[in-house]
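Where a number appears in this text, it was derived from the coordinates with a stated rule and is not lab data. Note that the coordinates shown come from a computational prediction; the quantities given were computed from them, not determined experimentally. Here the Cβ positions follow ideal geometry from the backbone for every residue, glycine too, while neighbour counts run over all protein chains shown.
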């Protein structure tokens, strides 16, 4: 069954792995790898910004 939930701070590392995946970078407007510092800053800002909705989908 597919479930989803809102992302939480502990999901930051998983999102970081996804965003720097070679296929993701190759298909992004900017193919440069994202640093951990840049990502953590963006992720924290996104979690605290009501204009953003970050989710984690899980196939159980």
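Could you list 23, 38 in order of exposure, starting from the residue whose Cβ has the fewest other Cβ atoms within 10 Å? Each step should come with its number before you reach the end.
Values: 23 7, 38 12.
Arranged by neighbour count, lowest to highest, 23, 38 become 23, 38.
Per residue Cα convex hull volume for segment 2-59, in cubic angstrom? All intermediate terms of the calculation are to be shown ahead of the outcome.
Values: hull volume 5.8 nm³, N = 58.
Taking the convex hull of the Cα positions in segment 2-59, it is 100 Å³ per residue.
Most exposed first by the Cβ proxy, i.e. fewest other Cβ within 10 Å, how do 16, 29, 55, 43 rank?
Details: 16 17, 29 4, 55 9, 43 20.
With the sparsest Cβ surroundings first, the list reads 29, 55, 16, 43.
Over segment 6-60, what is the mean sequence separation of C-alpha contacts under 8 Å (at least six apart), divided by residue count, expressed as relative contact order in percent? Before the final figure, lay out the partial values.
Details: 29 pairs, mean separation 25.3, N = 55.
Relative CO of segment 6-60 lands at 46 percent.
Per residue of the chain, what 222 nm ellipticity follows from adding -39500 (n - 2.57) for every DSSP H run with n ≥ 4, rounded to the nearest 500? Don't skip to the answer; put the middle values down first.
Values: 3 runs with 25 residues, N = 60.
About -11500 deg cm²/dmol.
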